[in-house]
Amino acid sequence: MEYIAVLSPLVGALIAGLFGRQIGDKGAQLVTCGLMIAASVASVMIFREINFGGQPRTLELFTWIASGDLNVKWALRFDQLSAVMAIVITLVSTAVHIYSVGYMHHDKAQARFMAYLSLFTFAMLMLVTADNFVQLFFGWEGVGLASYLLIGFWNQKDSANAAAIKAFVMNRIGDFGLALGIFAVFVTFGTLNFDAIFAQVSDHADSYSEFLGYHVHTLSLIGVLLFIGAMGKSAQLGLHTWLPDAMEGPTPVSALIHAATMVTAGVFLVARMSPLYEFTPEVREFIALIGASTAFVAATIALTQFDIKRVIAYSTMSQLGYMFFALGVSAYSAAMFHLFTHAFFKALLFLGAGSVIHAMSDEQDMRKMGGIWKLIPFTYGLMWIGSLALAGVPFFAGFYSKDMILEAAFAAESSVGLFAFWVGIAAAFMTAFYSWRLLFMTFHGKPRASEKVMDHVHESPLVMTVPLAFLAVGAIGAGFVFAPHFIGDLRGDFWGAALTVLAENDTVGKAHHVPLWVKLLPIATGAAGILLAFVFYMRARHWPAEVAGMFSRLHSFLFNKWYFDELYTKIGVRPSFALGRFLWKTGDGATIDGLGPDGVSKLVGSAATHSRKVQSGFIYHYAFAMLIGVVAIVTFFIYKALG
């Protein structure tokens, strides 16, 4: 069963990628979708056996590396944490695969696209089922490669190529930190196997190491380096600028990368290393600060964006911030629960946005939409469900997970926890506002598109709407069905030994006893955000422009995404290009080539040119040259004789 769950996407990727021309687009779609369904069924069965039956297991396939003290096996580790990740990845990926059959119907490279989707899914599954850091790093980099291929899939567009390169480079920055962290793990523990590392963590709780000339706490150093890798993959503040640009890829890619898979890899990594982070309180505070700041900054940017996919992308970044500040206050189960519920409603929103774009003849600007809710009522209803879950409206999936994160932050009873709580409340208000801003601008009001576009607005085919309906079920029911197991009284049996929380850090347990106002405040702020969006975009529709004019500098600051791209261009991109140009022109061209092969060839050419002039064809020239030669020889012998 484990082999089917993990290897089916790889088989699909190989068949569609290598034999796509032979079997055709339909054949590639049938193979990849069929194998993804098989992987999903297997993952569901594994999830039931492990999380509800208490039967974690590791299957060793073969020895991968055996060199001195380094012994790495290729294995499939299925414990409670990896089983949760596997079911999320396979279910969402299956929905995206099936949806892509309709969405990519007119594309010329459908087989290649399906192969990339399956390859991405396999790499993600390898990441979450790794039982050692080397295998995890293999999956980590495989996800990076596949995301590069998917984001830049429409490679005829310069913007898509630039976005793919940006995502790849930004992730390499984080991956450098991850690689250093892995090296530090091996130096410290003498192994890269998770179980062996976890067994030794407490022994190194008070150990210190030298790093860049500083005497630092060893576990804290490892925790920071690993978290830098997580920041890159999960688009945390500072390494986040690739995420909105990744919207240049096809919409199914946006759903797959930004809902349940690539961007949650960092959350999974920190949760997997919970035994280590429990002994590094300062690092957890740093994680909580970064997560809370990310949630706030991303929400403020989403308020001003007009591209429907970018709004949802910044929403993803904001929700990832929630997950990280939950990890920072030791609420690992709450973070994983939000990852679980978020996968359904965020994939629903992305694919719903794709349905809107499909209906609007590829238009993504919400300012050119409006008045279409009656024309695509099914998509409209599902977008409402996704938005209700995202805003944390009671009894939808996001309500259970996001509110628990906020309550756990408050229950941490620390300055960082309170900071995260209040920043999370502010982000919750903005989340509700921009979600309904998206709904009202996209579906309501007078049509702002051309008559030609409006004449072609139609509901998506069943192959696209059925996956939406499936995800909507998760957006509605995943919260109340699984809350007792993920974060409730049954969480001990559900998680087993997969997550480690010291007794004094059990913020999830404490969260059930916070004051009532803490529980009600997120609901009230969400309702206020929805009401304000209704007033702005359904009643007083002139207010948004007036408010933007009144606070023009602030609006420009937020609309330009806090100028992170401009800052990085100034301090990083331009100096790098200038240095590269100097090394190219001056270093390589003028110095190495100028004094090396180009210089030598030029010297030889010059000597040949001057030598050619001696060959004049006149006899008296040659006679004179012979006379000079005789004189030189006679002079030489006389000099030798006298010497």
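The values are calculated or read from the model by the stated rules, or taken from the named source; none is laboratory data. Computed from a predicted model, the values in this text were never measured in an experiment. Using ideal geometry, Cβ is built from the backbone for each residue, glycine included, and neighbour counts are taken over all protein chains shown. SASA here: full protein model, heavy atoms, side chains in, ligands and nucleic acids out. Shrake-Rupley method; radii C 1.70, N 1.55, O 1.52, S 1.80 Å.
Over all directions, how big on average is the projection of the convex hull of the alpha-carbon atoms in the range 507-600, in square nanometres?
Hull-based average projected area comes out at 13.6 nm².
If packing is taken as the average number of other Cβ atoms within 10 Å across a peptide's residues, how do 153-164, 177-188 rank, most packed first?
177-188, 153-164
Among TYR568, TYR563, what's the order by accessible area (1.4 angstrom probe), most exposed first?
TYR563, TYR568
Taking only pairs that are 8 or more places apart or on different chains, how many Lys pairs in the range 521-643 have Cα atoms under 30 angstrom apart?
Step by step, the pairs that qualify in the range 521-643 add up to 4.
What's the extension gain from LEU61 to ILE173 if we count 0.36 nm per residue and subtract their Cα-Cα distance?
37.2 nm is the gain from fully extending LEU61 to ILE173.
What is the range 338-392's relative contact order, in percent, from Cα pairs under 8 angstrom and six or more apart in sequence?
56 percent
Per DSSP helix of 4 or more residues, -39500 (n - 2.57); summed, then divided by the residues of the chain. What does that give at 222 nm, rounded to the nearest 500?
Computed mean residue ellipticity for the chain: -23000 deg cm²/dmol.
Given the Cα-Cα distance of ARG539 and VAL216 and 0.36 nm per residue of separation, how much length would full extension add, in nm?
Result: 110.5 nm gained on full extension.
Report for the chain the percent antiparallel among DSSP-assigned beta bridges with both residues inside it, nearest 5.
Looking only at bridges with both residues in the chain, the antiparallel portion is about 100 percent.
Rounded to whole Hz and in sequence order, give me ³J(HN,Hα) for the range 131-142 from the Karplus expression 6.51 cos²θ - 1.76 cosθ + 1.60, θ = phi - 60°, writing x for Gly and Pro.
After applying 6.51 cos²θ - 1.76 cosθ + 1.60, I find 10, 8, 5, 5, 5, 4, 5, 4, x, 4, 6, x Hz.
What is the ratio of the Cα radius of gyration of the range 261-303 to 2.2 N^0.38 Å, where N is its residue count, to two decimals?
Normalised Cα radius of gyration, the range 261-303: 1.36.
Based only on Cα atoms, what mean projected area does the convex hull of the range 1-65 have, in nm²?
5.4 nm²
Using alpha carbons only, how many degrees (0 to 90, rounded to 10) separate the axis of helix 80-103 from the longest principal axis of the chain?
80 degrees
Under 5 Å between amide H atoms, partner at least 5 residues away or on a different chain: which partners does ALA75 have, H built in plane at 1.01 Å?
The list, which skips near neighbours in sequence, is LEU61, ASP131.
Applying the Karplus parametrisation 6.51 cos²θ - 1.76 cosθ + 1.60 with θ = phi - 60° to the phi angles of the range 536-550, what ³J(HN,Hα) value in whole Hz is obtained for each residue in order, glycine and proline being reported as x?
Running phi through 6.51 cos²θ - 1.76 cosθ + 1.60 with θ = phi - 60° gives 5, 10, 10, 10, 9, 6, 7, 5, x, 5, 5, 5, 4, x, 5 Hz.
Say R0 is 22 Å: what FRET efficiency, to the nearest 0.05, do ASP195 and ASP493 get from their beta-carbon distance?
0.60
Once label points are set 7 Å from the Cα along Cα→Cβ at both GLU451 and TRP517, what is their separation, rounded to one decimal in nm?
Placing both labels 7 Å beyond Cα along the Cβ direction yields 5.9 nm.
Shape call for the range 77-146 from the C-alpha gyration tensor, a ≥ b ≥ c root eigenvalues: rounded (a/c under 1.5), prolate (a/b greater than b/c) or oblate?
Cα axes put the range 77-146 in the oblate bin.
So if we plug the beta-carbon distance of ARG21 and PHE557 into 1/(1 + (r/R0)^6) with R0 = 41 Å, what FRET efficiency do we get, rounded to 0.05?
Here the calculated transfer efficiency is 0.25.
How much net charge surrounds ALA533 when only the other residues with a Cβ under 11 Å from the Cβ of ALA533 are counted, with Lys and Arg +1 and Asp and Glu -1?
Local charge sum for ALA533: +2.
At q = 0.09, 0.21 Å⁻¹, what is the base-10 log of I(q)/I(0) for the range 249-368 according to the Debye formula with one equal point scatterer per Cα and no solvent? Please give it to two decimals.
Taking Cα atoms of the range 249-368 as identical point scatterers yields -0.27, -1.09.
What is the chain's relative contact order, in percent, from Cα pairs under 8 angstrom and six or more apart in sequence?
12 percent
Please report the antiparallel percentage of DSSP beta bridges with both residues in the range 42-123, rounded to the nearest 5.
100 percent
Using 0.36 nm times the number of residues separating ASP206 and LEU418, minus their current alpha carbon distance, what extension gain do you get?
Gain on extension, ASP206 to LEU418, equals 73.5 nm.
If you fit an axis through the alpha-carbon atoms of helix 462-486 and take the longest principal axis of the Cα set of the chain, what angle between them do you get, 0 to 90°, nearest 10?
70 degrees
With mean projected area of the Cα convex hull in nm² defined as stated, name the option among [x] 42.1; [y] 44.3; [z] 33.9 computed from the structure displayed.
Label [y] holds the value from this structure.
Using 15 Å as the cut-off for backbone N distance, which residues of the range 151-190 belong to the label zone defined by a point 7 Å from the Cα of LEU70 along Cα→Cβ?
179-190
Set the Förster distance to 35 Å, then compute FRET efficiency between THR591 and TYR568 from the Cβ-Cβ distance, nearest 0.05.
According to the calculation, E is roughly 0.70.
Which whole-Hz couplings ³J(HN,Hα) result when phi for each residue of the range 374-382 is put into the Karplus expression 6.51 cos²θ - 1.76 cosθ + 1.60, θ = phi - 60°, listed in order with x for Gly and Pro?
6, 7, 10, x, 5, 4, 4, x, 6
For the range 1-137, what is the accessible area per residue in Å², given a 1.4 Å probe and the full set of protein chains?
38 Å²
Please compute the contact order of the range 391-511 in relative form: average sequence separation of alpha-carbon pairs under 8 Å and at least six residues apart, divided by the residue count, as a percent.
Once divided by the residue count of the range 391-511, the mean separation gives 44 percent.
Please state, as a whole number in µm²/s, the translational diffusion coefficient that the Stokes-Einstein equation yields for the range 302-410 at 4 °C and 1.567 mPa s, with Rh defined as the Kirkwood radius across alpha carbon pairs.
This corresponds to a translational diffusion coefficient of 89 µm²/s.
To the nearest 10 square angstrom, what accessible area does LYS73 show with a 1.4 Å probe?
Looks like 70 Å² after rounding.
Where does each of 549-562, 278-291, 78-91 land if you order them by average Cβ count within 10 Å, highest first?
With the highest mean Cβ count within 10 Å placed first, the list reads 78-91, 278-291, 549-562.
Would you mind putting 446-456, 103-113 in packing order, based on average other-beta-carbon counts within 10 Å, highest first?
For the peptides 446-456, 103-113, the packing ranking is 103-113, 446-456.
Give the angle, between 0 and 90 degrees and rounded to the nearest 10, that separates the Cα long axis of helix 110-128 from the longest principal axis of the Cα atoms of the chain.
80 degrees
Along each principal axis of its Cα atoms, how long is the range 573-617 end to end? Whole angstroms, biggest number first, please.
Ordered largest first, the range 573-617 gives principal extents of 61, 13, 7 Å.
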